[in-house]
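The next block holds one structure in the form of structure tokens; read it before the comments.
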Amino acid sequence: MSMRKSLTVMLVFVATTLSAAHMAIADHHAKSGSFEIVLSAVTDFAAVEQLDHVVRAGTLDGTVTIIESTGGPFEAQSSGTMSGLVYLKKSANGIDLESPGVFTDSSGDKWYAVARRSAGDQAVGGGGGGRQEISGGTGKYAGITGSCEYFVDYLPDNKLVTRSTCQWQKK
């Protein structure tokens, strides 16, 4: 290989490497973006009947996978766990659900959110849409806030699947 060809190959290699490194650094330091997740979880609820409503409370534990992402700390095709509590009041007027939770990725970094919903139900084959507020996190999620629109489907055997579309920003 001539010296000129070797130099050209080396310059192309260096330029490509620098460009890739710059993109990786820019992606890691992104200040905002979006992502989509799928949550698969098992619930363990207890119910108490009242005069005009039913109160259900319990735990929610499962796995979450980021299926799409514009970058930043929410890496596409990464998975983690989710643990939360659910409080639901159901009456003739509908439901009032609140569920704080913690999402933990494979490196141990965490992000925190509270899901709220006032439509739909918790019956098998039922579900409904709601909103989730991201309030912060640890590690690479420190300083992150945002919100998600989600839809939940209730399955047999106390299982559910949720799909969320989220927007985030970093302070």
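If you take every residue apart from Ile67 with its C-beta less than 13 Å away from the C-beta of Ile67, what net charge results, scoring Lys and Arg +1 and Asp and Glu -1?
Summing Lys and Arg as +1 and Asp and Glu as -1 gives -2.
Given the alpha-carbon gyration tensor of segment 40-106, what are the semi-axes of its equivalent ellipsoid in whole angstrom, ordered largest first, with each equal to the square root of 5 times an eigenvalue?
One finds semi-axes of 32, 12, 8 Å for segment 40-106.
Express in whole angstrom the spacing between the alpha-carbon centres of segment 156-171 and segment 38-95.
Taking the Cα centre of each part, segment 156-171 and segment 38-95 sit 8 Å apart.
Strictly greater than 19 Å: what percent of every Cα pair in segment 31-170 meets that?
Numbers: 4659 of 9730 pairs.
More than 19 Å apart: 48 percent of the Cα pairs in segment 31-170.
Once you place label points 7 Å from the Cα toward the Cβ at Ala119 and Thr81, how far apart are they in nm?
Result for the modelled spin labels: 3.3 nm.
Pairs of Cα atoms under 8 Å, at least six residues apart: use those to get the relative contact order of segment 31-170, whole percent.
The value is 23 percent.
What residues have an amide H closer than 5 Å to that of Leu155, excluding those fewer than 5 places away on the same chain, when H is modeled at 1.01 Å from N in the peptide plane?
When sequence neighbours closer than 5 places are left aside, the close amide H contacts are Gly125, Leu160, Val161.
Just grab the label-to-label distance for Asp44 and Arg163, each label 7 Å out from Cα along the Cβ direction, in nm (one decimal).
According to this spin-label approximation, the distance is 3.0 nm.
So, in nm, how far is label Ser106 from label Leu51 when the simple model puts each one 7 Å beyond its Cα toward the Cβ?
So the two model labels end up 5.5 nm from each other.
Which entries in Lys110/Lys170; Lys89/Lys110; Lys140/Lys170 show an alpha-carbon gap greater than 20 Å?
With Cα atoms farther than 20 Å apart: Lys89/Lys110.
Every number here is computed from the coordinates shown, using simple stated rules; none is lab data. Here the structure is a predicted model, which means the values were calculated and not measured. Neighbour counts are summed over all protein chains in view; Cβ atoms, including those assigned to glycine, are modelled from backbone coordinates with ideal geometry.
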